[in-house]
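Remarks on the structure that follows.
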Amino acid sequence: MATRTVCQLLHRRFSSTRAAVRPSAAEILNQRNAVFSREQARQRSLYPRVEKIEVSMQCPGLEGTLLVMNKGMSTPLSCAKHLTEHHVTNSAVALVDGELWPLHQPLTHSCSLTLLTFKDSDPTLVNQAFWRSCAALLGQVLETAFKDDFSVELLSTPEVPVISGAFCCDVVLDPQLDSWTPSEESLRSLTRGAQQLIHQDLVWEPLEVAPSVALEVFSHSRCKQEEVEQKAAQSTKGTVTLYRCGDYVLLSGGPLVARTGLCSQYEMTALHGLGQGPWGLHRRAQGLSLPVQLQAHHTVWRKLRERAEKLVEVQRPAETVTPPSPVDSTPPPTNQ
(Lines give C-alpha, C1' and ligand atoms only; values in the text may rest on other atoms or scores of the structure.)
Protein backbone atom coordinates (compact mmCIF):
# COMPACT_ATOMS: atom_id res chain seq x y z
CA MET A 1 0.00 0.00 0.00
CA ALA A 2 2.79 2.43 0.92
CA THR A 3 4.61 1.69 -2.32
CA ARG A 4 1.45 2.29 -4.32
CA THR A 5 0.88 5.62 -2.54
CA VAL A 6 4.43 6.78 -3.27
CA CYS A 7 4.08 5.82 -6.95
CA GLN A 8 0.79 7.72 -7.18
CA LEU A 9 2.37 10.80 -5.60
CA LEU A 10 5.35 10.64 -7.97
CA HIS A 11 3.05 10.18 -10.96
CA ARG A 12 1.00 13.22 -9.97
CA ARG A 13 4.16 15.25 -9.32
CA PHE A 14 5.72 14.44 -12.68
CA SER A 15 2.41 14.88 -14.48
CA SER A 16 1.94 18.32 -12.95
CA THR A 17 5.54 19.21 -13.83
CA ARG A 18 4.99 18.24 -17.47
CA ALA A 19 1.79 20.29 -17.52
CA ALA A 20 3.63 23.27 -16.07
CA VAL A 21 6.53 23.00 -18.51
CA ARG A 22 4.41 22.48 -21.60
CA PRO A 23 2.80 25.78 -22.68
CA SER A 24 -0.80 25.96 -23.81
CA ALA A 25 -1.69 25.94 -27.51
CA ALA A 26 -2.48 29.66 -27.31
CA GLU A 27 0.92 30.43 -25.75
CA ILE A 28 2.68 28.45 -28.48
CA LEU A 29 0.75 30.30 -31.21
CA ASN A 30 1.59 33.65 -29.62
CA GLN A 31 5.30 32.76 -29.37
CA ARG A 32 5.47 31.66 -33.01
CA ASN A 33 3.59 34.73 -34.14
CA ALA A 34 5.90 37.05 -32.15
CA VAL A 35 9.06 35.54 -33.68
CA PHE A 36 7.52 35.80 -37.17
CA SER A 37 6.61 39.49 -36.64
CA ARG A 38 10.06 40.29 -35.27
CA GLU A 39 11.84 38.70 -38.23
CA GLN A 40 9.45 40.30 -40.70
CA ALA A 41 10.16 43.73 -39.21
CA ARG A 42 13.91 43.07 -39.34
CA GLN A 43 13.76 42.15 -43.01
CA ARG A 44 11.69 45.22 -43.86
CA SER A 45 14.25 47.41 -42.09
CA LEU A 46 16.86 46.23 -44.63
CA TYR A 47 15.28 48.65 -47.10
CA PRO A 48 15.44 51.99 -45.21
CA ARG A 49 15.03 54.07 -48.37
CA VAL A 50 12.85 53.55 -51.39
CA GLU A 51 14.63 52.10 -54.39
CA LYS A 52 12.87 51.53 -57.70
CA ILE A 53 12.79 48.35 -59.77
CA GLU A 54 11.23 47.63 -63.15
CA VAL A 55 8.70 44.82 -63.50
CA SER A 56 7.91 43.59 -67.00
CA MET A 57 4.44 42.01 -67.16
CA GLN A 58 4.08 38.78 -69.13
CA CYS A 59 0.36 38.09 -68.66
CA PRO A 60 -1.81 37.53 -71.77
CA GLY A 61 -2.70 40.91 -73.25
CA LEU A 62 -0.16 42.70 -71.03
CA GLU A 63 3.10 41.65 -72.70
CA GLY A 64 5.53 44.54 -72.65
CA THR A 65 3.70 46.47 -69.91
CA LEU A 66 6.35 47.94 -67.62
CA LEU A 67 5.65 48.80 -63.99
CA VAL A 68 7.99 50.80 -61.76
CA MET A 69 7.74 49.37 -58.25
CA ASN A 70 9.50 49.63 -54.87
CA LYS A 71 12.36 47.21 -54.15
CA GLY A 72 11.80 45.00 -51.13
CA MET A 73 8.32 46.42 -50.57
CA SER A 74 6.18 45.82 -53.65
CA THR A 75 4.78 42.33 -54.22
CA PRO A 76 3.15 40.63 -57.22
CA LEU A 77 -0.17 41.60 -55.66
CA SER A 78 0.98 45.24 -55.60
CA CYS A 79 1.59 44.93 -59.34
CA ALA A 80 -1.85 43.38 -59.85
CA LYS A 81 -3.41 46.42 -58.17
CA HIS A 82 -1.90 48.59 -60.91
CA LEU A 83 -3.73 46.51 -63.52
CA THR A 84 -7.39 45.51 -63.10
CA GLU A 85 -9.71 44.19 -60.40
CA HIS A 86 -9.77 40.91 -62.32
CA HIS A 87 -6.03 40.44 -61.74
CA VAL A 88 -6.37 41.27 -58.05
CA THR A 89 -9.30 38.93 -57.46
CA ASN A 90 -8.29 35.95 -59.59
CA SER A 91 -4.51 35.77 -59.26
CA ALA A 92 -3.39 32.90 -57.02
CA VAL A 93 0.41 32.78 -57.38
CA ALA A 94 2.99 34.31 -59.72
CA LEU A 95 6.04 33.52 -61.80
CA VAL A 96 9.01 35.83 -61.21
CA ASP A 97 11.67 35.30 -63.87
CA GLY A 98 10.12 31.86 -64.35
CA GLU A 99 10.25 30.95 -60.62
CA LEU A 100 7.02 30.16 -58.77
CA TRP A 101 6.50 33.06 -56.36
CA PRO A 102 3.94 33.74 -53.59
CA LEU A 103 1.66 36.67 -54.38
CA HIS A 104 2.57 38.44 -51.10
CA GLN A 105 6.34 37.97 -51.25
CA PRO A 106 8.27 41.22 -51.87
CA LEU A 107 10.17 41.66 -55.14
CA THR A 108 13.85 42.35 -54.59
CA HIS A 109 15.09 43.06 -58.13
CA SER A 110 13.93 44.06 -61.60
CA CYS A 111 12.18 41.07 -63.14
CA SER A 112 9.54 39.65 -65.44
CA LEU A 113 6.22 38.82 -63.80
CA THR A 114 3.36 36.51 -64.78
CA LEU A 115 0.22 36.35 -62.65
CA LEU A 116 -1.28 32.85 -62.60
CA THR A 117 -4.97 31.95 -62.22
CA PHE A 118 -7.00 28.75 -61.98
CA LYS A 119 -8.37 29.32 -65.49
CA ASP A 120 -5.01 29.53 -67.28
CA SER A 121 -4.53 27.22 -70.26
CA ASP A 122 -2.06 25.21 -68.14
CA PRO A 123 -3.05 25.52 -64.45
CA THR A 124 -0.67 22.80 -63.22
CA LEU A 125 1.46 25.07 -61.01
CA VAL A 126 -1.60 26.85 -59.62
CA ASN A 127 -3.32 23.56 -58.85
CA GLN A 128 -0.25 22.28 -57.02
CA ALA A 129 -0.07 25.45 -54.91
CA PHE A 130 -3.81 25.22 -54.24
CA TRP A 131 -3.60 21.58 -53.10
CA ARG A 132 -0.64 22.45 -50.85
CA SER A 133 -2.61 25.39 -49.40
CA CYS A 134 -5.66 23.24 -48.68
CA ALA A 135 -3.42 20.81 -46.79
CA ALA A 136 -1.93 23.72 -44.83
CA LEU A 137 -5.44 24.84 -43.91
CA LEU A 138 -6.29 21.34 -42.73
CA GLY A 139 -3.15 21.25 -40.59
CA GLN A 140 -4.06 24.58 -39.02
CA VAL A 141 -7.52 23.30 -38.12
CA LEU A 142 -6.19 20.07 -36.63
CA GLU A 143 -3.52 21.78 -34.53
CA THR A 144 -5.98 24.28 -33.03
CA ALA A 145 -9.15 22.17 -32.75
CA PHE A 146 -8.42 20.10 -29.64
CA LYS A 147 -8.36 21.20 -26.03
CA ASP A 148 -5.02 21.75 -24.31
CA ASP A 149 -5.34 18.33 -22.65
CA PHE A 150 -4.57 16.76 -26.04
CA SER A 151 -1.30 17.40 -27.86
CA VAL A 152 -1.19 17.55 -31.67
CA GLU A 153 2.04 17.11 -33.63
CA LEU A 154 1.93 17.94 -37.34
CA LEU A 155 4.32 15.89 -39.43
CA SER A 156 5.73 16.99 -42.80
CA THR A 157 2.90 17.43 -45.32
CA PRO A 158 3.01 14.89 -48.16
CA GLU A 159 3.26 16.46 -51.62
CA VAL A 160 0.53 14.66 -53.55
CA PRO A 161 -0.78 15.51 -57.04
CA VAL A 162 -4.33 16.74 -57.53
CA ILE A 163 -5.13 13.52 -59.43
CA SER A 164 -4.62 11.58 -56.17
CA GLY A 165 -8.14 12.66 -55.28
CA ALA A 166 -7.43 14.26 -51.90
CA PHE A 167 -4.94 16.58 -50.24
CA CYS A 168 -3.22 15.18 -47.16
CA CYS A 169 -1.87 16.26 -43.80
CA ASP A 170 0.02 13.75 -41.64
CA VAL A 171 -0.39 14.12 -37.90
CA VAL A 172 0.24 12.46 -34.54
CA LEU A 173 -2.49 13.04 -31.97
CA ASP A 174 -2.13 12.73 -28.21
CA PRO A 175 -1.56 9.12 -27.08
CA GLN A 176 -4.87 9.40 -25.19
CA LEU A 177 -6.54 9.44 -28.63
CA ASP A 178 -4.76 6.43 -30.09
CA SER A 179 -7.99 4.40 -30.01
CA TRP A 180 -10.14 7.21 -31.48
CA THR A 181 -11.28 7.80 -35.02
CA PRO A 182 -13.57 10.71 -35.92
CA SER A 183 -17.28 10.17 -36.44
CA GLU A 184 -19.09 11.90 -39.31
CA GLU A 185 -20.09 14.64 -36.88
CA SER A 186 -16.45 15.11 -35.84
CA LEU A 187 -15.42 15.43 -39.49
CA ARG A 188 -18.18 17.99 -40.03
CA SER A 189 -16.96 19.93 -36.99
CA LEU A 190 -13.39 20.05 -38.34
CA THR A 191 -14.76 21.02 -41.76
CA ARG A 192 -16.61 23.93 -40.18
CA GLY A 193 -13.36 25.08 -38.62
CA ALA A 194 -11.76 25.24 -42.07
CA GLN A 195 -14.77 26.97 -43.58
CA GLN A 196 -14.57 29.67 -40.91
CA LEU A 197 -10.98 30.41 -41.95
CA ILE A 198 -12.04 30.46 -45.60
CA HIS A 199 -14.87 32.87 -44.82
CA GLN A 200 -12.38 35.22 -43.14
CA ASP A 201 -10.40 35.35 -46.42
CA LEU A 202 -7.09 35.36 -44.53
CA VAL A 203 -3.82 36.11 -46.31
CA TRP A 204 -1.03 33.53 -46.40
CA GLU A 205 1.96 35.77 -45.65
CA PRO A 206 5.29 34.26 -46.77
CA LEU A 207 8.60 34.88 -45.02
CA GLU A 208 11.87 33.34 -46.13
CA VAL A 209 14.10 32.90 -43.08
CA ALA A 210 17.35 31.39 -41.90
CA PRO A 211 17.04 27.99 -40.22
CA SER A 212 17.90 29.52 -36.84
CA VAL A 213 14.77 31.68 -36.98
CA ALA A 214 12.57 28.76 -37.97
CA LEU A 215 14.06 26.64 -35.18
CA GLU A 216 13.10 29.36 -32.72
CA VAL A 217 9.59 29.54 -34.15
CA PHE A 218 9.15 25.80 -33.63
CA SER A 219 11.10 25.58 -30.39
CA HIS A 220 8.28 23.54 -28.81
CA SER A 221 8.24 20.91 -31.56
CA ARG A 222 11.24 18.66 -32.11
CA CYS A 223 9.42 17.10 -35.05
CA LYS A 224 9.11 20.47 -36.81
CA GLN A 225 12.69 21.35 -35.94
CA GLU A 226 13.89 18.23 -37.72
CA GLU A 227 11.75 19.18 -40.72
CA VAL A 228 13.33 22.65 -40.71
CA GLU A 229 16.80 21.11 -40.77
CA GLN A 230 15.83 18.79 -43.62
CA LYS A 231 14.28 21.54 -45.74
CA ALA A 232 17.22 23.89 -45.14
CA ALA A 233 19.65 21.16 -46.23
CA GLN A 234 17.65 20.66 -49.43
CA SER A 235 17.41 24.39 -50.22
CA THR A 236 19.97 25.89 -52.60
CA LYS A 237 19.93 29.06 -50.47
CA GLY A 238 19.99 27.22 -47.16
CA THR A 239 16.75 28.91 -46.09
CA VAL A 240 13.20 27.81 -45.34
CA THR A 241 9.86 29.52 -45.95
CA LEU A 242 7.32 30.19 -43.22
CA TYR A 243 3.75 31.34 -43.76
CA ARG A 244 1.37 33.13 -41.44
CA CYS A 245 -2.38 32.73 -41.71
CA GLY A 246 -4.06 34.98 -39.18
CA ASP A 247 -2.02 34.31 -36.04
CA TYR A 248 -1.00 30.80 -37.09
CA VAL A 249 2.54 30.18 -38.39
CA LEU A 250 3.43 27.14 -40.48
CA LEU A 251 6.31 25.66 -42.44
CA SER A 252 5.71 24.94 -46.12
CA GLY A 253 7.60 22.97 -48.72
CA GLY A 254 6.44 25.24 -51.54
CA PRO A 255 4.44 28.36 -52.41
CA LEU A 256 0.86 28.71 -51.17
CA VAL A 257 -1.93 30.61 -52.90
CA ALA A 258 -2.65 34.18 -51.89
CA ARG A 259 -5.52 33.76 -49.43
CA THR A 260 -7.89 31.30 -47.83
CA GLY A 261 -10.84 32.83 -49.68
CA LEU A 262 -9.63 31.23 -52.92
CA CYS A 263 -10.84 27.91 -51.48
CA SER A 264 -14.54 27.33 -51.96
CA GLN A 265 -16.12 23.91 -51.54
CA TYR A 266 -13.98 22.42 -48.76
CA GLU A 267 -14.44 19.30 -46.70
CA MET A 268 -12.36 17.05 -44.45
CA THR A 269 -13.15 13.56 -45.67
CA ALA A 270 -11.13 11.06 -43.60
CA LEU A 271 -8.54 10.39 -40.93
CA HIS A 272 -6.66 7.17 -41.66
CA GLY A 273 -4.34 5.34 -39.28
CA LEU A 274 -0.90 4.66 -40.76
CA GLY A 275 0.56 2.71 -37.86
CA GLN A 276 3.26 3.42 -35.30
CA GLY A 277 6.08 5.70 -36.45
CA PRO A 278 8.95 7.66 -34.89
CA TRP A 279 6.60 10.18 -33.22
CA GLY A 280 3.77 7.87 -32.20
CA LEU A 281 0.67 6.70 -34.03
CA HIS A 282 0.92 8.34 -37.46
CA ARG A 283 -2.35 9.36 -39.11
CA ARG A 284 -3.24 10.86 -42.47
CA ALA A 285 -5.96 13.50 -42.53
CA GLN A 286 -7.46 13.98 -45.98
CA GLY A 287 -9.75 16.51 -47.58
CA LEU A 288 -11.27 17.80 -50.77
CA SER A 289 -11.72 21.32 -52.09
CA LEU A 290 -12.34 23.29 -55.27
CA PRO A 291 -11.20 26.86 -55.97
CA VAL A 292 -13.78 29.61 -55.82
CA GLN A 293 -13.74 30.06 -59.61
CA LEU A 294 -14.58 26.39 -60.22
CA GLN A 295 -17.76 24.96 -58.72
CA ALA A 296 -19.11 21.40 -58.90
CA HIS A 297 -22.72 20.21 -58.92
CA HIS A 298 -23.66 18.33 -55.74
CA THR A 299 -23.84 15.01 -57.58
CA VAL A 300 -20.32 15.50 -58.95
CA TRP A 301 -19.11 16.62 -55.53
CA ARG A 302 -20.53 13.48 -53.93
CA LYS A 303 -18.52 11.27 -56.32
CA LEU A 304 -15.38 13.32 -55.71
CA ARG A 305 -15.92 13.02 -51.98
CA GLU A 306 -16.27 9.25 -52.12
CA ARG A 307 -12.93 9.09 -53.85
CA ALA A 308 -11.34 11.50 -51.35
CA GLU A 309 -12.32 9.20 -48.48
CA LYS A 310 -9.98 6.47 -49.71
CA LEU A 311 -6.46 6.39 -48.28
CA VAL A 312 -3.95 8.26 -50.45
CA GLU A 313 -0.81 6.14 -50.57
CA VAL A 314 2.43 8.11 -50.24
CA GLN A 315 5.79 6.40 -50.46
CA ARG A 316 8.20 7.88 -47.94
CA PRO A 317 11.88 6.90 -47.98
CA ALA A 318 13.20 4.88 -45.04
CA GLU A 319 9.90 4.89 -43.23
CA THR A 320 8.46 1.80 -41.62
CA VAL A 321 5.27 1.60 -39.61
CA THR A 322 3.32 -1.18 -37.98
CA PRO A 323 -0.41 -1.76 -38.60
CA PRO A 324 -2.69 0.49 -36.55
CA SER A 325 -4.59 -0.78 -33.54
CA PRO A 326 -8.41 -0.99 -33.55
CA VAL A 327 -10.19 2.33 -33.20
CA ASP A 328 -13.46 3.55 -31.80
CA SER A 329 -15.60 6.53 -32.76
CA THR A 330 -16.05 8.28 -29.42
CA PRO A 331 -15.61 12.00 -30.11
CA PRO A 332 -12.87 13.74 -28.07
CA PRO A 333 -13.36 17.24 -26.66
CA THR A 334 -12.58 19.93 -29.23
CA ASN A 335 -12.62 23.69 -29.34
CA GLN A 336 -15.04 23.81 -32.26
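The values are calculated or read from the model by the stated rules, or taken from the named source; none is laboratory data. The shown structure was predicted, so the numbers you read here are calculated from the model rather than taken from an experiment. Cβ: placed from backbone, ideal geometry, glycine included. Neighbour counts: every protein chain shown. Areas reflect the complete protein model, heavy atoms only, side chains present, ligands, DNA and RNA absent. Shrake-Rupley method; radii C 1.70, N 1.55, O 1.52, S 1.80 Å.
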Fill in the blank from the handout: The percentage of the accessible area of the chain (probe 1.4 Å, all protein chains present) made up of carbon and sulfur atoms, to the nearest whole number, is 54
Exercise for the section: Calculate, for the chain, the solvent-accessible area per residue in square angstrom, rolling a 1.4 angstrom probe over the heavy atoms of the protein chains. Expected result: 51
Exercise for the section: Enumerate the aspartates and glutamates that Lys119 could reach by cross-link, defined here as Cα to Cα under 17 Å, with residues fewer than 8 away along the same chain left out. Expected result: Glu85
Handout entry: Candidate lysines for bridging to Lys52, where Cα separation is under 22 Å - those fewer than 8 sequence places away on the same chain excluded
Key = Lys71, Lys81
Problem - Cα-based reach from Lys147 at 24 Å (exclusive), listing lysines while leaving out same-chain residues under 8 positions away - result: Lys224
Completion exercise
So the compactness index of the chain, its C-alpha Rg divided by 2.2 N^0.38 Å, takes the value 1.09
Practice task
Evaluate the distance, in nm, between pseudo-label points positioned 7 Å from the Cα of Thr89 and of Trp301 along their respective Cα→Cβ axes.
Solution key: 2.1
Handout entry: Nearest-0.05 FRET efficiency for Leu311 and Ser24, computed from C-beta distance (R0 35 Å)
Key = 0.60
Handout entry: Dipole of the chain, positive end: most advanced residue of Leu294, Ala25, Ser179 [Cβ charges, Cα centre]
Key = Ala25
Handout entry: Rel. contact order, % - alpha carbon contacts under 8 angstrom, at least six apart, the range 231-277
Key = 20
